[in-house]
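The values are calculated or read from the model by the stated rules, or taken from the named source; none is laboratory data. Since we're looking at a predicted model, the values are computed, not measured. Methodologically, a virtual Cβ is constructed for each residue, glycine included, from the backbone with ideal geometry; neighbour enumeration extends over all protein chains shown. Quick note on the areas: whole protein, heavy atoms, side chains included, nothing else; ligands and nucleic acids left out. Shrake-Rupley method; radii C 1.70, N 1.55, O 1.52, S 1.80 Å.
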Amino acid sequence: MRIVSAGMLVGVVVILGVALCARQILKPAGVPFVSWLAVGFALVAPFLAATVDRAQPDRTSAAPGAPSPAVTRHLVACATLEAAGLLCGVALLIGSNLLPLAAALVPVGAMVLRFPRASARA
């Protein structure tokens, strides 16, 4: 679970870095709607992730050998945050302002805070 979470986090950071580098080469035309959509989703994504993580699993539909409900909830919550960060990266590529970069700090920060800790058992 830590490897997948780290991969999601690194993916968002890489996309944001590529978008910043691409802005230096290609000047974006400016699509403010996408920028504002990305900012809104980035600000709402931590609340969506928290709601998903607190959802109670349906124990009757669990297949044998399926991952635990806690792992599934964590990955879906992380994927929501990752989507918000990736949308900010795309908005940074095509938008004229840097507001999506600042907004991307919200889902990236939430991903860092939700990162699975090492277990007490070694």
Out of GLY17, GLY7, GLY65, GLY40, report the one residue that is free of Cβ contacts under 8 Å to residues at least 24 places away in the same chain and either in a loop (DSSP other than H, G, I, E, B) or open to solvent by 70 Å² or more (accessible area, probe 1.4 Å) (or both).
GLY65
Is it the case, given these coordinates, that VAL71 is modelled with pLDDT under 90, open to solvent by 40 Å² or more (accessible area, probe 1.4 Å) and not in a loop (DSSP other than H, G, I, E, B)?
yes
Surrounded by fewer than 19 Cβ atoms within 10 Å (Cβ to Cβ), without any contact (Cβ under 8 Å) to a residue 24 or more places away in the chain and not in a helix (DSSP H, G or I) - does that describe any residue in segment 102-114?
no
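Residues are listed down the side, and each one gets a yes or a no for (1) out of contact with any Lys or Arg (no Cβ under 7 Å at 6 or more places or on another chain); (2) of a type in the set (A, V, I, L, M); (3) open to solvent by less than 90 Å² (accessible area, probe 1.4 Å):
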site	(1), (2), (3)
MET1	yes, yes, no
ILE25	yes, yes, no
TRP36	yes, no, no
LEU48	yes, yes, yes
ARG54	yes, no, no
Test VAL90 against the criterion of being out of contact with any Leu (no Cβ under 9 Å at 6 or more places or on another chain), open to solvent by 30 Å² or more (accessible area, probe 1.4 Å), within 16 Å of SER5 (Cα to Cα) and touching a residue at least 12 places away in the same chain (Cβ under 8 Å), and give yes or no.
no
